[in-house]
Amino acid sequence: MKTMWKMFMGISMLGLIGLMVLTLPMPAPTTSRAPFGREPGQAASHEAQGPFISGPFYSVLSPAVSNIPPSEPGDEMLDTEIIPRFNLYAVPNGLPTDPNWRDPLIQNPLSNPALTPPLLFDFEGMPRTIGGATPPDVIGAVGLNHYVQMVNATWFAIYNKSGGVVQPPTRLNTLWAGQTNGCQSSNSGDPVVTYDWQEDRWIMAQFGTGNSICVAVSTSGNPAGTYHTYRFAFSGFPDYFKIGVWPDAYYVGANQSGQNVHALQKSAMLTGAPATVISFAQPDVNVHSVLLPSTLEGHTPPPAGAPNVFHRFIDGDLFGGVDRIELFNFQVNWANPGSSTWTGPIQLPSAPFASLCNFSFSCIRQPGTAQRIDSITEWPMWRFQYRNFGTHETLVNNHAVNVGADQSGIRWFELRKVGAGPWTIHQESTFAPDGESRWMASIAMDGSGNIALGYSVSSTTVFPGLRYTIRLANDPINTLQTEAILINGGGSQTGLNRWGDYSALTVDPADDCTFWYTGEYYAVTAANNWQTRIGVFRIPQCTGGAPTANIAVNKTASAAEVMVGEPITYTLTITNLGTFTATNVLVTDTLPAGVSYVSTVPSQGSCQQVAGVVQCNLGQMLNQASASIIVVVTATQPGEAVNQAEVSSDLVDPDTGNNSASATVTINEQTGYLLLLPVIFRE
C-alpha cells in the first residue's frame, strides 16, 4: 500500500510588475483520508455549478505578423525572470515516501524490437537569451506549412517545414496592438499555441491582466498573417489554463477557483464576431487536479454532437477511493446556452500509481549539483489528444509517477470508445526502462494508430535532455519501443527548481504521420540558461490518415461550331467534392491548334498563359466549394479544336477520373459570297 502524500495544488503564474503572494488558511495536518475524496460511485460532496453565460467579448483585428518587427532581447514587458509556484494546501505530516513502493506497470526490460525511428531532422528553438522567463513552458504546434513555437514570457517564433525562420522571436502582446484591454501591454505567461485541423487556423494565447486570458485566432492557415484578438475575463485567476480544439468550441480548463471549465464560441472567433463564453464551476479542481480538455487531431471529426471530454487523474490514497482516471463531458448548446451541460465524473479505475517526492517542487536529480528540479507530478500533461478512427474513438495522455525511491516514470494510457459504448482503459503502462527519471512528457497518436511519446530525462549521471519513444499500433499491448535521443543535455540547472510545466508533441496534418516535438534542455551547467530544441520524426509503418480532396473539373464551350475569326468562350468549373479543404489547386488548360488566345478571368486565384497553355493557381478550396475560369480565344483555322483541361491539388485525390475534361468545337472556313446581278437580254 503506497503512502498518502498530497494536500496542495501549485499555481504557476507570472508576476505583473510585482508578485502578490496569496496567503490562504492551511488545513490542520492530518494522516486521514482527505475529506474531498470519495469512493468510486459515491455521490460528490460538491456538485458542479452552472452554466454561467457571459456577455459578448469583442475582437480587434491584429496587424499582420509578417509586418511586426521582431522584438529585441530585454523587451521584458511586465515579465518576471523567475516564476515561482505557490502552495495552496499544506502537505500532511507523517507521510514519508514508502521505500518499498514499486510501480506495478513498469515495462522493464523492454520486450519489443528497437524500432523507434531516428530523427528526420532537428533544429534549435528559442533560447533563454532572448529575455524569456524561467520556467520556459516550451510549447509548439505544426500546421500544413509552418511550425510555431512559444516560450515564457511570452515569445513566439514561426518556422517553415525545413526549420527555416519565417518570423524571428516576437513578443506575443504585439498581436493585441489594437486593443486597450491590457493584452496589448502585458506578456504574463503560460503560453499556449495549438492548430485547428478542421478550420486550418492557429490559436495563440497567454494570461491577460486580472483574471483573464488573451486569445488570438488566425484569419487563415498562415500563422504570419492577421488574427482576431480577444480578452476573455473570468471570475478567478485561470492558472495553468489549456485550450482544447473541438468542432463546436474552443474549450478551456484551468487550475482555478470558482468557474474553471469554459467553452469559447468558436464560430464567432473564426470571423472576429462578438463571442460568448459558457462556464461551469467544478468545485474540487484546486484539491484534486486541473481538468484538461480533449483536442481533436486527425481529419475525421467526432460523431455529430459529441461532447468535449475533460479528464484528470486521481491518487486514491490522497483523495479517497482507488487510483483512477476521471472523465467529464462538456455538452455546449450555442442556440440555447442555458441548456448546456457538464456531467461527471465517469470513473475509470487504473492500476495503482504513486505521486513523486511528497509533492515537493524539488524532485528530479541532476549531475554535479544538489539542486533538484520540479517534476509537475500533480497535473496531466499537455495534450489530451482525441482521434476518431470510425471503428472506434481514442484518447491518449500521460502524467509523471513515482516508480520507486522517488524516481520519476511516465504513466501513459489510451482510452477507447466503440459506438455508443462507454470510454474504457484500452491500455496503460509506466515507462521507466532504467534508473533515470523521465517526466514532462507529451503523447500523440498518428493517423495509423501508432503512438509516440516525447519527454525530459535526467539522473545523477545524465544531464537533463530530451528523448522520445514510440509504439506501433500492432505492438504487444501496454508496451513502448526502445527510446531514441532527440538531444543530450550538456549541463545541469543549478539556480532554482523550476523546470517547465509542459512540452508539446503534435502530428503534421499534411501527412498525418510526422511527429514534431519540442522541449527544453541545458547545453552547459548554469544557474538559469535554458535552451529549446525541436525534433521531427516519422514512423515508417504509418500509412497515414492524410486528408483527401476529390477535385473535379467540368468544361463547356460557347458554341459547338464557329467560323474562322469568331470568338470561342470556354467555361471551366472546378469543384471540391471531397470532405477536406484542398490546397494549391492548380488548373492547366492546354489550348488546341487553330485558336488564338485572348484572355482569362478566374473567380479566384491568378492565371497566366504561356505558349498556348493557360495555368491557374486557385489556392485553397473548401470542401464542396466551386470556382470558375473563363477563357476566351479566337478561331484562326478550320478543323476540329479539342480543348483539354486538367486539375490537381496537394491532397491525395481518391477519384482521378474527374480530374480532366475537354470541349470540342468545329471551326468552319469562312463562306465566300457571289454577287449575282440581274442580266437583261434584248432580242
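Nothing in this text is a laboratory measurement; each read-out follows from the coordinates by a stated rule. All values reported here derive from a predicted model rather than from experimental measurement. Cβ coordinates were reconstructed from backbone atoms using ideal geometry, including for glycine residues, and neighbour counts include every protein chain displayed.
Computed quantities for the displayed model
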item: Phi to ³J(HN,Hα) by Karplus 6.51 cos²θ - 1.76 cosθ + 1.60 over segment 141-153, Hz, x for Gly, Pro; result: 8, 10, x, 5, 10, 9, 10, 10, 10, 9, 9, 5, 9
item: For segment 491-526 and segment 201-268, distance of Cα centres in Å; result: 23 Å
item: Cβ-derived FRET efficiency at R0 45 Å, Thr460 paired with Val652, nearest 0.05; result: 0.35
item: Karplus 3J(HN,Hα) series, Hz, for segment 179-188 with 6.51 cos²θ - 1.76 cosθ + 1.60 (x for Gly, Pro); result: 8, 10, 10, x, 5, 6, 10, 9, 10, 9
item: Sum of -39500 (n - 2.57) over DSSP H runs of 4+, divided by residues of the chain (222 nm, nearest 500); result: 0 deg cm²/dmol
item: Mean separation of Cα contacts under 8 Å (6+ apart) over length of the chain, as relative contact order %; result: 12 percent
item: Relative contact order of segment 551-668, defined on C-alpha pairs under 8 angstrom at six or more residues apart (%); result: 39 percent
item: For segment 317-345 versus segment 626-675, the gap between their alpha-carbon centres in whole angstrom; result: 59 Å
item: DSSP beta bridges in the chain [antiparallel fraction, %, rounded to 5]; result: 95 percent
item: FRET efficiency estimate (nearest 0.05) - Cβ-Cβ, Glu72 to Glu561, R0 56 angstrom; result: 0.20
item: Asn668-Ser606 pseudo-label distance in nm [points 7 Å out on the Cα-to-Cβ vector]; result: 4.2 nm
item: Length released on extending from Phe123 to Asn329, taking residue separation times 0.36 nm less the Cα-Cα span; result: 70.3 nm
item: Charge dipole (the chain, unit charges on Cβ, about Cα centre) - positive-most of Ile373, Val507, Val165; result: Ile373
item: Sites Thr590 and Asn474, calculated FRET efficiency, Cβ-Cβ separation with R0 45 Å, nearest 0.05; result: 0.45
item: Estimated dipole of the chain in Debye, rounded to 20 [Cβ of Lys and Arg +1, of Asp and Glu -1, Cα centre]; result: 1240 debye
item: Note, ³J(HN,Hα) from phi for segment 432-447, Karplus 6.51, -1.76, 1.60, rounded to Hz, x at Gly and Pro; result: 7, x, 7, x, 8, 8, 10, 6, 6, 8, 9, 10, 7, 10, 8, x
item: Within the chain, longest stretch clear of exposed chymotrypsin sites (Phe, Trp or Tyr not before Pro) (DSSP loop, no more than 10 other Cβ within 10 Å); result: 1-672
item: Candidate aspartates and glutamates - alpha carbon under 12 Å from Lys417, same-chain residues fewer than 8 apart omitted; result: Glu393
item: Selected from Thr479, Thr116, Gly210, residue furthest toward positive end of dipole (the chain; charges at beta carbon); result: Gly210
item: Theoretical gain in end-to-end length, Thr209 to Gln541 [0.36 nm per residue, Cα-Cα removed]; result: 114.8 nm
item: Pair Val642, Val613: separation of 7 Å Cα→Cβ label points (nm); result: 1.9 nm
item: Set of segment 382-397 residues, backbone N closer than 17 Å to the point 7 Å along the Cα-Cβ line of Ile346; result: 384-397
item: Fully extended contour minus Cα-Cα distance, from Ala420 to Ile53, at 0.36 nm per residue; result: 129.1 nm
